[in-house]
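Report on the following structure.
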Amino acid sequence: MVKHIVFWRFKDDAQDSSKSENMAKVKSMLESLPPQISEIIDLEVGENFSGREIACDMALYSTFESEEALKAYAVHPEHVKVAEFIGSVVSEGRVVDYHI
């Protein structure tokens, strides 16, 4: 099993939308992926409520059967569409992938 965790900081405005609007859109887009991509075992998206300076705005926590399944997810056309949008509205991202 593999965990795939991503953290993002969003731009204040992008794609003619506010930070909060883009965060809501990204959350919705990500949560729509499990029925479309069979490799996803579990997927959770959370918006940060901490006011700490070191905090990110959003986290993705997902589970896959294997590294191969994670790689298949990464290139799946539906994921690619979401990733492209995310890339246009975030200022920073971090990822951790590990075996469990």
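Is it true that G93 is more than 21 Å from Q15 (Cα to Cα) and surrounded by fewer than 18 Cβ atoms within 10 Å (Cβ to Cβ)?
no
Among E31, E84, which is surrounded by fewer than 14 Cβ atoms within 10 Å (Cβ to Cβ) and touching a strand residue (DSSP E or B) at 6+ places or on another chain (Cβ under 7 Å)?
On inspection, the qualifying residue turns out to be E31.
Given the criterion without any contact (Cβ under 8 Å) to a residue 12 or more places away in the chain and among the hydroxyl-bearing types (S, T, Y), identify the matching residue among S17, S38.
Criteria check complete, one pass: S38.
Against the definition (surrounded by 14 or more Cβ atoms within 10 Å (Cβ to Cβ), under 18 Å from P77 (Cα atoms) and not polar (S, T, N, Q)), how does V26 come out, yes or no?
yes
FYI, it's all coordinate maths here, none of it is from the lab. Here the structure is a predicted model, which means the values were calculated and not measured. Virtual Cβ from ideal backbone geometry, glycine too; neighbours counted across all protein chains shown.
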